[in-house]
Amino acid sequence: MNKLYVGNLSPSVTVEDLKQLFGERKLPVTDQVLLKSGYAFVDFPDQNWAIKAIETLSGKVELHGKVIEVDYSVPKKLRSRKIQIRNIPPHLQWEVLDSLLAQYGTVENVEQVNTDTETAVVNVTYSTKEEAKIAVEKLTGQTFEDYSFKVSYILDMDAAPSLPATRNRRGGRTSREQDSQPGTSAGSLGPRQKQPDFPLRMLVPTQFVGAIIGKEGLTIKNITKQTQSKVDIHRKENAGAAEKPITIHSTPEGCSAACRMIMDIMQKEADDTKVTEDIPLKILAHNSLVGRLIGKEGRNLKKIEEETETKITISSLQDLTIYNPERTIIVKGSIEACCRAEAEIMRKLREAYENDIAAINQQTNLIPGLSLSALGIFSTGLSVLPPAAGPRGVPPVPPTGYNPFLGHSSQLGGLYGVPPASAISHQHTIAPAESPDVTQRMVIITGPPEAQFKAQGRIFGKLKEENFFTAKEEVKLETHIKVPSSAAGRVIGKGGKTVNELQNLTSAEVIVPRDQTPDENDEVFVKISGHFFASQTAQRKIREIIQQVKQQEQKHQQGAPVTHRSK
């Protein structure tokens, strides 16, 4: 939880007034609202919601005649080395930010927070409490390119008295490791340590490569400078190929701007050389992300086509190899239309990519000591993530930064490597078909969460490997898990609120069939349908709900009054 302080409140403000305000601003309403005279404390589920609440409410909303203030609630004794800086110019370069922060002390860690705000947000850890204090004083309200910085202390986990046991139990992880947030992206400030870099990959006709580079490289230098991007043209690889890949590293806006400039150059070159064919935009995307771009029954792709007035096709699954896990997204239309489509396509791909990162981090947090590399579930040949920037058809080079999806298994069993059967401590049986014409069979898996995770990964990988799904389909699993009947209502939530939030969070379809008759163990089924990581995240969340229900039941039993009878 992230606790926020809400100040400058009128004495007439009630808890219901605050909850109504949060609801109107589409902020998650929490029961944890502690109202005092003139101020209140409110818990928000995570850092992103806390940032949104601060940016939406502080100094901008009037309640009972007074403009309220909202900031992190950090007791003075915990105001240590860690601060948060908001409202940073989205185009600010990391080098500039680093030099600015270094003016006030030694910076141990800078972590960009992935938010939906137009400006950037970073968490900064200084080496001492005094340096952080100076930075807060000097940076607060400081204007940089018409952007006024907003600075707050945030809870320093190292300073919290109740947390050392947790740190020791996790093996004494460093503050740099603890600061990393699952699901964060490189965002507007570009690639950063441990932040996933999601480049735009294009395919261009070889005949236009020279024009894109320009005489003595002047054209490509101009593109790089104007869009603040790193542009790699893999011209020396795959000699004789009709097309060459280009990798663009930048912010989403920078990638789009570079794409537009490259498309303009190709169109001008085509006009000068009297090439009659239209030049399509070709985007390379890792196969594991393409299903979510397409969407159920192709809805996402159709929507992009309609909104951008383009025609979009995707290369066949049959073109994939262990050294080429990318598919080609071909966009046809005017340059303006193609560039609009590029922005929407990349937005969908980034969302899928970041969701997978978050799911993996959540899964490793769920299973203490779980090393995805050691499991052998993920292969180096066909990783879940896009390969490191490089030519097609050449084994991808492992990135220098930590990548949770890239293991060291030598297995090349499709999307997931196949570990030896002895590595998985679980039991499974295949149920008989319900009737001769049924095309699906149920695999029943029993075992602890980590064993089920491994087993489902192998099944998912095998389906992927054997190409049981067409080019228009994404590999999905339908998972049935048993939950106590007493917990089924909690999974659904009031008016279906919990199950809807669960679906939005995980991108999986979660169904609690109504009118089920509990089995002999007083349990019912919950159905989950989605790609591997979506399914795993949904299962983890449901396990958490079940655990909460069990803990409440135990507390209730322990607190039940005892009746003594005397003879």
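General remarks:
- Hits in segment 299-324 - residues which are under 22 Å from the mean Cα position of the chain (by Cα) and open to solvent by less than 20 Å² (accessible area, probe 1.4 Å): LEU301, ILE304
- Close pairs (8 angstrom Cβ cut-off, 6 or more residues apart or separate chains): under 9 Å from VAL526 (Cβ atoms) in segment 485-498, of a type in the set (S, T, N, Q) and open to solvent by 20 Å² or more (accessible area, probe 1.4 Å) anywhere: ALA488/GLN516; VAL491/THR498
- For segment 235-259, the candidate set comprises residues that are within 18 Å of SER315 (Cβ to Cβ) and at pLDDT below 85; within that set, the residue that is farthest from the chain's Cα centre (by Cα) is ALA241.
- Of all residues in segment 1-39 being open to solvent by less than 80 Å² (accessible area, probe 1.4 Å) and within 26 Å of the chain's Cα centre (by Cα), the one that is nearest to LYS150 (Cα to Cα): LEU4
- Answer residue from segment 325-345, given it is more than 11 Å from ILE314 (Cα to Cα) and acidic (Asp, Glu) and is least open to solvent (accessible area, probe 1.4 Å) among those: GLU342
- Among the candidates ILE283, ILE262, residue that is in a helix (DSSP H, G or I), open to solvent by less than 20 Å² (accessible area, probe 1.4 Å) and at pLDDT 90 or above: ILE262
- Qualifying residue in segment 535-546 (condition: at pLDDT 80 or above and more than 30 Å from ASN300 (Cβ to Cβ)): yes
- Subset tally (residues that are outside any helix (DSSP H, G or I), under 27 Å from VAL122 (Cα atoms) and open to solvent by less than 80 Å² (accessible area, probe 1.4 Å)) for segment 40-63: 10
- Considering residues of segment 64-95 that are buried (at least 16 other Cβ atoms within 10 Å of the Cβ) and of a type in the set (Val, Ile, Thr) only, the residue modelled with the lowest pLDDT: VAL74
- HIS91 satisfies every condition listed in (1) within 30 Å of GLU131 (Cβ to Cβ); (2) part of a helix (DSSP H, G or I); (3) of a type outside the set (A, V, I, L, M) except (2).
The values are calculated or read from the model by the stated rules, or taken from the named source; none is laboratory data. Since the structure is predicted, the reported quantities are computational estimates derived from the model, not experimental observations. Please note: Cβ atoms are built from the backbone with ideal geometry, for glycine as well, and neighbour counts cover all protein chains shown. Note: accessible area is taken over every heavy atom of the protein model, side chains too, but ligands, DNA and RNA are not part of it. Shrake-Rupley method; radii C 1.70, N 1.55, O 1.52, S 1.80 Å.
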